[in-house]
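Please read the structure below before turning to the comments.
Every number here is computed from the coordinates shown, using simple stated rules; none is lab data. All values derive from a computational prediction rather than experimental measurement. Every residue, glycine among them, receives a Cβ derived from its backbone with ideal geometry; neighbour counts consider all protein chains shown.
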Amino acid sequence: MPFESSHRPLARNGLILAGLSALLVLAGCSNDDQAAQQGGGGMPPAAVVVETAELTDASVRQDYAGRARGAREVEVRARISGILEQRLYDEGQMVSEGDALFRIDRKPAEAALQRARAQRQVAEANLRQAEREWNRISSLYERNAVSERDRDSAQSALELAQANMAVANAGMTQAELDVGYTEVTAPISGVTSLEDFPEGSLIDTGTLLTTIVQLDPIHVRFALPENDATIRRVAREGMASAGEEQNVNARLVLADGSEYPLDGRIDFTASTLDPRTGSVSARAVFPNPEQMVVPGQFVRVRVELQSFDDIITVPEKAVAQGPQGPVVYVVDDEGKARAKAVELGPVSQGRQILLEGLEAGDRFIVSGLTNLRDGAQVNVTNAEDGEGTD
């Protein structure tokens, strides 16, 4: 059958051409469907999350490490020599100003007081005798009954008796003070330390007996970096203004992370910079009526560096870098992203303060900024206003 065999190759070729035509038609349909899904050949709208800009108040705070110290640390020393007879307080307890702390043997001081009294009595008797002699000699001299030399001698004796009386009075005063010094009292209110000498010790004048630390108020020493000039300037102005209250407020953060309930203030900053650390010494004062803060405790001083009223803040991740500087993308009424140039302030509690650029009510993009272009169509995925923009 030669006729049939001559036409089979032509039939096979026709089948192949028909199959290729069908594939081309299917590919064309697929491209048309994809183009229709992308809205004429573009990418689908980027999915974004937005927030609405609101006016708020913000402050910039900074923490500085420091150590607590007593407002005053006073050394209690003996003012006379003698035997230490008794300690009148419990070591480590709170004492009030004027409380008796130690008692030194009084007998030597009382004996010295008796001697001073006797010396003053002698001086008083000599003074009275000199006064009587002066009155008699001066009267005789006026009647030319005695010589001028006799009058001068009587006057010198009177002046010497007066001087001896002054010396006796001074000795009496010192003896009375020494008797009072046998009882050592607290010069300030505070917490006492350990005694330096036990009872029965022979102590000299000036011997250190104990130390008292005043806990209310409490001082915190810390260091300010060189660039924190605002605090330094305001603190110095407050110190220079006599009678004016210091206006650099501070808070205290304890070692466990909790915040101390009472406010303090910075009352001192050094006028010179430490070249070794590049910092300036500073001191903050906090009331401590319950003795919650103890000397030597590690704390952090939280200082408000700046405060802002009626400003807009955004998350730090919402700020992008444009060709001319930082920008924030907002969504307009047509559902498109618009880049707005902004002026950045400091960061406060994880949010970027914007000095200029956004207005209250602007919807700015906080998520979905990757490859986002100005004018691109976006899809707001969070229903902030009750609906999204497709």
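If each of Ala163 and Glu124 carries a label point 7 Å out from its Cα toward its Cβ, how far apart are those two points in nm?
2.3
I'd like the Karplus ³J(HN,Hα) series for the range 344-351: coefficients 6.51, -1.76, 1.60, θ = phi - 60°, whole numbers in Hz, and an x wherever there's a Gly or Pro.
8, x, x, 9, 10, 6, x, 10
Pop the C-beta distance of Val347 and Glu73 into the FRET formula with R0 = 35 Å and round what comes out to the nearest 0.05.
Values: r = 39 Å, r/R0 = 1.12.
Taking R0 as 35 Å, the efficiency between Val347 and Glu73 is 0.35.
From the phi angles alone, apply the Karplus equation (6.51, -1.76, 1.60; θ = phi - 60°) to the range 321-338 and give each ³J(HN,Hα) in whole Hz, x where the residue is Gly or Pro.
9, x, x, 9, x, x, 9, 10, 8, 10, 9, 7, 5, 8, x, 10, 7, 10
Taking the simple approach of a point 7 Å from Cα along Cα-to-Cβ for both Ser59 and Asp150, what is their distance in nm?
The answer from the label model is 9.0 nm.
Please turn the phi angles of the range 128-144 into ³J(HN,Hα) values with the Karplus equation 6.51 cos²θ - 1.76 cosθ + 1.60 (θ = phi - 60°), one per residue in order, whole Hz, x for glycine and proline.
3J(HN,Hα) across the range 128-144, in whole Hz: 4, 5, 5, 5, 4, 5, 5, 4, 5, 5, 5, 5, 5, 5, 5, 9, 6.
Under a 5 Å amide H to amide H cut-off, with H placed in plane at 1.01 Å, what residues pair with Asn288 once short-range neighbours are removed?
The list, which skips near neighbours in sequence, is Ile218.
So who's got an amide H within less than 5 Å of the one on Glu85, skipping anything under 5 residues away but keeping other chains? H placed 1.01 Å off N, in plane.
Excluding prolines and chain starts, which carry no amide H, the hits are Arg103, Ile104, Asp105, Gly200.
Measure off 7 Å from each Cα along the Cα-to-Cβ vector at Asp196 and Glu304, then give the distance between these two points in nanometres to one decimal.
Going by the 7 Å Cα→Cβ label model, 4.4 nm.
Can you list residues whose amide H is under 5 Å from Val366's amide H, if they're 5+ apart or on another chain and H is modeled 1.01 Å from N?
Under 5 Å from the amide H of Val366 lie the amide H atoms of Val49, Val50, Glu51, each far enough along the sequence or on another chain.
Find how much the distance from Glu259 to Glu91 grows on full extension, using 0.36 nm per residue of separation minus their present alpha carbon separation; answer in nm with one decimal.
57.4 nm
Can you divide the C-alpha Rg of the range 160-206 by 2.2 N^0.38 Å and report the result to two decimal places?
Values: Rg = 16.7 Å, N = 47, 2.2 N^0.38 = 9.5 Å.
Here the Cα radius of gyration is 1.76 times the empirical estimate.
Which whole-number percent is the relative contact order of the range 106-181 (Cα, under 8 Å, 6+ apart)? Don't jump to the answer; show the numbers that get you there.
Details: 51 pairs, mean separation 39.4, N = 76.
Normalised by residue count, the contact order of the range 106-181 is 52 percent.
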